[in-house]
Amino acid sequence: MYSAQQLNRARQLAYLHSGIALSDNKDIMIGNRLDKLKRALQQENVDTVLTAIENGNHIEAFISAFTTNKTNFFREDFHFEDLWHRVAKQAIDEGKGLKVYSSAASTGEEPYSILMTLENSKHLFNAPYFNYSLLATDIDTNVLAHCGRGIYEWNKIEGDFPDWIKPSEYFMRRTHPEKNGEYLVKIKEALGRKVKFEQFNLMSNPYPFKSSEFDVIFCRNVLIYFNQDDQNSILKKLFTALRIGGTLYLGHSESPLTLAPYVERCGQNIFIKVKEFA
Ligand SMILES: C[S@@+](CC[C@H](N)C(=O)[O-])C[C@H]1O[C@@H](n2cnc3c(N)ncnc32)[C@H](O)[C@@H]1O
């Protein structure tokens, strides 16, 4: 439906604005994303749309159309188990707090799962004064708006929670305004206030973080969208922001690549920083 030239223009724009590398076998996907973008911009002509993006217009809509936002609560739940069993426990035992960064927050399921896990650790280890902060970023402003609302369809998420989490402690129920007999749930305000959502492009250079700023970084299921050089460069910048002894969680098909000599693996895609990158 789209010409090779149109697909290539879209491919170049995706790389330019987000670092997302779309290989030659992704033509069908690019076509679907262009359809989505045309609908979002209420435009029929793809060349008009591509020219507008090339001229610096509608960049946010373009990024939203080209990002893949698939996520769920407690995805790869062993990461959250490690976060309370090991990381939160150690911090509480040492009387310290935690600074956590969720670097590809999507629609909020990952950062809110982190918050529930840390709140749960307070109850579990009888540590009501356990202090933590959470920064959650994404490049896509649409998903960040969803994060801010913190509203989810209960029937889509009810299967996501491990047995050690009681969703009713963290969500308020509302009747669904459009679907009879169904619920929406909204993150309780007190919990929502504990996370700061910001737009951030992982391809940025330099990063706005101090060195060793974070105790924990989640960078899951986003590196897969970048080429290997960019993955390495993103990992190095995140790594600089992670303190020695801090934990890096990666997605199921991601690896620390050139960071491998500087980390110790302590579980499935769980890495502890053991020394600075030289
Ligand atoms: C598949 S979701 C992963 C969400 C979550 N981390 C998880 O594992 O469930 C990938 C997210 O990465 C974001 N993303 C893509 N390119 C990005 C970039 N250059 N900088 C920051 N975020 C980006 C997308 O907007 C999307 O929300």
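Before moving on, here are some points about what is shown:
- Residue in segment 212-234 that is away from the ligand (no atom under 15 Å from the Cβ), assigned to a loop (DSSP other than H, G, I, E, B), in contact (Cβ under 8 Å) with a residue 24 or more places away in the chain and over 18 Å from residue 19 (Cβ atoms) present: yes
- Residues (away from the ligand (no atom under 15 Å from the Cβ), in a loop (DSSP other than H, G, I, E, B) and farther than 14 Å from residue 112 by Cβ) located in segment 167-202: 176, 177, 178, 179, 180, 181, 182
- Count of residues meeting criterion [of a type in the set (D, E, K, R) and in contact with a helix residue (DSSP H, G or I) (Cβ under 9 Å, 6 or more places away or on another chain)] in segment 196-209: 1
- All positions within segment 267-277 that are aliphatic (A, V, I, L, M), surrounded by fewer than 19 Cβ atoms within 10 Å (Cβ to Cβ) and within 23 Å of residue 110 (Cα to Cα): 272
- Residue count for segment 1-44 satisfying the condition of being open to solvent by less than 80 Å² (accessible area, probe 1.4 Å) and either basic (Lys, Arg) or within 16 Å of the ligand (Cβ to nearest atom) (or both): 19.
- Residue match in segment 261-275 (condition: of a type in the set (Val, Ile, Thr), closer than 29 Å to residue 16 by Cβ and touching a residue at least 60 places away in the same chain (Cβ under 8 Å)): no
- If only residues of segment 235-266 that are within 16 Å of the ligand (Cβ to nearest atom) and assigned to a strand (DSSP E or B) are counted, the one that is surrounded by the fewest Cβ atoms within 10 Å (Cβ to Cβ) is 248.
- Of everything listed in (1) surrounded by 15 or more Cβ atoms within 10 Å (Cβ to Cβ); (2) in the same structural domain as residue 249 (by TED's automatic domain parsing), the single unmet condition for residue 50 is (2).
- If the condition is being modelled with pLDDT under 95, surrounded by 12 or more Cβ atoms within 10 Å (Cβ to Cβ) and of a type in the set (Val, Ile, Thr), then segment 144-201 contributes no residue at all.
- Neighbours by Cβ (under 7 Å, 6+ apart or cross-chain): first from segment 170-182, without any contact (Cβ under 8 Å) to a residue 12 or more places away in the chain; second open to solvent by 80 Å² or more (accessible area, probe 1.4 Å): 175/183
The values are calculated or read from the model by the stated rules, or taken from the named source; none is laboratory data. All values reported here derive from a predicted model rather than from experimental measurement. Neighbour counts run over all protein chains shown; Cβ positions are idealised from the backbone, glycine included. What goes into the accessible areas is simple: the full protein's heavy atoms, side chains included, and nothing from ligands, DNA or RNA. Shrake-Rupley method; radii C 1.70, N 1.55, O 1.52, S 1.80 Å.
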